[in-house]
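Quick notes on the structure that follows.
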DNA sequence: ATTTATAGTGCAAACGTTTGCAATTTTCGG
DNA sequence: CCGAAAATTGCAAACGTTTGCACTATAAAT
């Protein structure tokens with residue numbers, strides 16, 4: 001009764017008195033098929049409103065023409081930009097992107113790895129949650145030679161392709177910048193140390209202090225998820241007692257912005273009384289007054305590298321045993337009003 | 001040679017001396033299977049590292065457990081927020097999301113509709129390009145009873161479910177607000193009229209003028225894609241000659257921000273000399289100085305409605321002929337510093 | 001013990017493609 | 001016009017599931 005409207009290559013074959021194999025090959029531009037037949041078949045396919053069934057083809061070929069992407073959150077500036085670029089690039093090459101968000105939940109990440117494997121994605125790109133330190137849920141991809149690329153938030157000691165920013169250099173550069181602009185007591189607000197980003201930025205921060213012979217104080221560093229709420233709480237702590245710090249290096253921009261607003265509220269002048277720097281070069285940092293110094297991580301470039309890495313792995317005919325292989329995207333300090341001030345000649349190693 | 005590591009239900013069946021059908025049913029918790037067998041099968045599946053093949057199941061069932069999403073750009077604030085919500089909601093219900101961006105290209109949109117149909121998505125949600133006025137590339141979804149939902153940028157006279165903001169009311173409200181704050185010569189910067197959003201916002205703008213007996217001047221309205229570059233060009237035109245307008249209603253926030261910066265540059269004071277309002281309540285509008293009046297469109301709510309609509313359509317067992325059916329998400333004026341000023345008693349219809 | 005209902009399991013076809021190989025047709029040199 | 005090579009086309013199996021129907025045990029009723 002219900003008229004089946006879905007046309008298949010079988011229908012085309014019948015209509016033209018050809019075999020299904022010929023039709024299939026004609027549609028795929030197989031060299032063995034004569035130009036005449038190809039024309040005829042394609043025309044009929046168009047006429048009948050034929051749409052290939054990707055699932056059927058995928059089942060047969062064990063290829064889905066689909067790539068998985070797992071990020072903490074697609075609406076945050078940095079991953080959003082990266083995802084955009086990846087998606088456009090892969091779309092160009094005929095791949096679809098299954099974009100999933102872990103919401104920074106380790107359990108969700110595991111579940112997603114599972115679903116994406118079941119969907120038989122041809123490759124997978126991942127930026128992990130803040131708390132992922134065990135990566136075994138991705139083992140199945142490696143075992144089955146499915147291209148796997150990590151970016152931004154990445155594993156250590158896991159045999160995969162990794163594309164990351166230079167977070168150590170970033171932390172170092174920002175902190176040195178603050179020191180050169182006269183800061184002597186710099187607070188660092190970091191994310192949790194389960195994530196490579198923060199480990200490295202903290203390391204950079206410490207190195208900068210050391211290079212300039214500024215003692216590192218444990219009480220001047222805070223670790224928590226970098227949300228607005230947490231930032232406010234930390235502000236309360238920082239400004240509960242004197243002396244106030246004269247510089248704050250926040251490991252993301254939301255935090256930097258929150259601090260700036262807090263300082264405004266308690267009548268601290270930025271940058272005169274206190275200097276503030278963020279990380280990631282979120283568009284808001286440029287627009288706020290005073291504009292906030294931050295670090296450009298070239299998200300578009302990172303997205304392109306990820307896409308390129310995926311495509312390269314995909315076209316390797318022979319499955320090749322992956323080794324840990326990291327590619328580092330440069331960073332660039334974007335100095336803005338929030339850290340302005342006379343450049344100070346600092347003690348310590350010459351720049 | 002190459003050890004096949006992919007386990008299938010056939011392997012499980014052999015291992016347990018059961019038939020494939022029993023294994024399949026056991027894994028799917030079919031009522032006819034005894035608890036004992038289910039336990040046994042699931043345990044073995046786990047042990048053997050079995051992963052269901054979604055494509056095979058999809059082929060058999062004609063269901064992919066995948067939903068398509070087409071938006072102009074995933075990195076823009078408004079669609080990004082909506083996508084996030086949709087993705088999370090659908091993920092909860094076991095659906096994957098194929099997110100695609102048209103980049104506001106009509107051709108790309110057509111191509112995407114095609115691919116997503118071929119991927120046999122179980123449903124499709126779309127926010128069209130600025131230039132889509134012919135929607136026939138989506139016909140195939142309707143013909144095959146595949147749930148189809150449009151949101152934000154939506155068609156008219158096309159028999160589908162539509163979820164949209166109240167753009168007429170938005171345009172009206174913003175313009176009235178400007179008038180009440182004393183503006184008498186208001187420029188409107190609109191997107192192209194091929195898109196419902198702008199048609200309606202313009203209509204709202206005109207209504208407000210009319211209600212307050214302010215003559216509408218064609219020269220005070222500009223139409224173009226709302227990018228930063230275009231906004232700058234328009235600024236050049238607007239401020240090329242006196243008299244300057246005393247109010248500007250930009251149909252998006254990027255434009256409003258650009259104008260604000262331009263005014264700053266030419267030493268016009270906002271809001272004293274000129275008032276500015278945007279649209280969409282982009283996070284930047286809150287942060288810039290002066291903060292910019294804008295319109296909250298409740299993107300999270302819209303995302304939820306879209307997801308809910310998709311899920312509802314998906315669980316209708318009987319394919320039901322869709323009719324045009326629109327759901328309107330409210331808007332809310334967020335008045336900020338950029339339009340501050342004494343509230344003026346205006347002529348015309350009482351508020 | 002015999003019949004009847006019930007619960008559990010198995011058989012085999014089907015979903016729409018692709019592809020190795022076999023079969024057929026065409027082309028063409030001699 | 002013959003035969004062989006080259007160019008086309010067709011056959012049938014395979015990909016991994018699900019499911020209608022048939023079948024076999026087991027339990028219950030007589």
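The values are calculated or read from the model by the stated rules, or taken from the named source; none is laboratory data. Since the structure is predicted, the reported quantities are computational estimates derived from the model, not experimental observations. With ideal geometry, Cβ positions are generated from the backbone for all residues, glycine too; neighbour counts draw on all protein chains shown.
Conditions first: (1) at pLDDT 95 or above; (2) within 11 Å of chain A (Cβ to nearest Cβ). Residue B:136 passes all but one, so which condition is the exception?
The one condition residue B:136 does not meet is (2).
Scan the strands (runs of 3 or more DSSP E) fully inside the stretch B:158-256 and keep the ones with 1 or more residues being closer than 30 Å to residue B:307 by Cα.
Correct list: B:161-165, B:186-190, B:247-250.
Consider residue A:143 carefully, then state whether it is out of contact with any helix residue (DSSP H, G or I) (no Cβ under 8 Å at 6 or more places or on another chain), facing chain B (nearest Cβ under 9 Å) and surrounded by fewer than 23 Cβ atoms within 10 Å (Cβ to Cβ).
Taking the combined requirement at face value, the residue satisfies it.
What number goes with the only condition from (1) more than 9 Å from chain A (Cβ to nearest Cβ); (2) over 34 Å from the mean Cα position of the chain (by Cα) that residue B:6 does not pass?
(1)
Checking residue A:268 against (1) within 14 Å of another protein chain (Cβ to nearest Cβ); (2) out of contact with any strand residue (DSSP E or B) (no Cβ under 7 Å at 6 or more places or on another chain); (3) under 19 Å from residue A:340 (Cβ atoms): exactly one of these is not met. Which one?
(1)
If I ask for residues that are in a loop (DSSP other than H, G, I, E, B) and more than 9 Å from chain B (Cβ to nearest Cβ), which ones from the stretch A:66-75 would you list?
The answer is A:72, and nothing else.
Can you pull out every residue in the stretch B:40-64 that is surrounded by 12 or more Cβ atoms within 10 Å (Cβ to Cβ), in a helix (DSSP H, G or I) and either in contact (Cβ under 8 Å) with a residue 12 or more places away in the chain or away from DNA strand D (no atom under 11 Å from the Cβ) (or both)?
Listed by number, the residues that qualify are B:40, B:41, B:42, B:44, B:45, B:48, B:58.
Give the stretch A:67-80 a look and list any residue that's surrounded by fewer than 24 Cβ atoms within 10 Å (Cβ to Cβ) and farther than 17 Å from residue B:85 by Cα, or say none.
Passing the criteria: only A:78.
Tell me, which residue of the stretch B:14-31 that is assigned to a loop (DSSP other than H, G, I, E, B) and under 40 Å from the mean Cα position of the chain (by Cα) is nearest to DNA strand C (Cβ to nearest atom)?
The residue in question is B:30.
Does the stretch A:76-95 hold any residues that are within 16 Å of DNA strand C (Cβ to nearest atom) and either assigned by TED's automatic domain parsing to the domain that holds residue A:42 or touching a strand residue (DSSP E or B) at 6+ places or on another chain (Cβ under 6 Å) (or both), and which are they?
A:95
State whether the residues of the stretch A:92-101 include one that is touching a residue at least 12 places away in the same chain (Cβ under 8 Å), more than 28 Å from residue B:6 (Cα to Cα), more than 18 Å from the chain's Cα centre (by Cα) and buried (at least 20 other Cβ atoms within 10 Å of the Cβ).
The answer is no; no qualifying residue exists.
Could you please let me know if residue A:34 is within 8 Å of DNA strand C (Cβ to nearest atom) and away from every other protein chain (no Cβ under 14 Å)?
no
Do we find that residue B:11 is crowded, with 17+ Cβ neighbours inside 10 Å and either more than 9 Å from DNA strand C (Cβ to nearest atom) or over 45 Å from the mean Cα position of the chain (by Cα) (or both) in this structure?
Yes; evaluated as a whole, the condition is true for this residue.
Would you check if there is a residue in the stretch A:68-75 being near DNA strand C (Cβ under 10 Å from one of its atoms) and either under 40 Å from the mean Cα position of the chain (by Cα) or in the same structural domain as residue A:107 (by TED's automatic domain parsing) (or both)?
No: the stretch A:68-75 contains no residue that is near DNA strand C (Cβ under 10 Å from one of its atoms) and either under 40 Å from the mean Cα position of the chain (by Cα) or in the same structural domain as residue A:107 (by TED's automatic domain parsing) (or both).
Checking the structure you have, find out if any residue of the stretch B:51-65 is at the interface with chain A (Cβ under 9 Å from one of its Cβ atoms), modelled with pLDDT of 95 or more and under 20 Å from the mean Cα position of the chain (by Cα).
No, the conditions are met nowhere in the stretch B:51-65.
Test residue A:23 against the stated conditions and say whether it is surrounded by 12 or more Cβ atoms within 10 Å (Cβ to Cβ) and either in the same structural domain as residue A:279 (by TED's automatic domain parsing) or away from DNA strand D (no atom under 16 Å from the Cβ) (or both).
It is false that residue A:23 is surrounded by 12 or more Cβ atoms within 10 Å (Cβ to Cβ) and either in the same structural domain as residue A:279 (by TED's automatic domain parsing) or away from DNA strand D (no atom under 16 Å from the Cβ) (or both).
Select, from A:185, A:167, A:122, the only residue that is within 12 Å of chain B (Cβ to nearest Cβ) and in contact with a helix residue (DSSP H, G or I) (Cβ under 8 Å, 6 or more places away or on another chain).
None of the other options fit; the residue is A:122.
Can you give me the number of residues within the stretch B:104-118 that are within 7 Å of chain A (Cβ to nearest Cβ) and within 14 Å of the chain's Cα centre (by Cα)?
0
Looking only at the stretch A:180-208, which residues are surrounded by fewer than 21 Cβ atoms within 10 Å (Cβ to Cβ) and more than 30 Å from residue A:148 (Cβ to Cβ)?
Within the stretch A:180-208, A:180, A:182, A:184, A:185, A:206, A:207 qualify.
Kindly evaluate residue A:83 against the criterion of being within 28 Å of the chain's Cα centre (by Cα) and in a loop (DSSP other than H, G, I, E, B).
When the stated conditions are applied, residue A:83 does not pass them.
Please work out which one of (1) within 12 Å of DNA strand D (Cβ to nearest atom); (2) at pLDDT below 95; (3) closer than 16 Å to residue B:59 by Cβ is the condition residue A:34 fails and give its number.
For residue A:34, the exception is condition (3).
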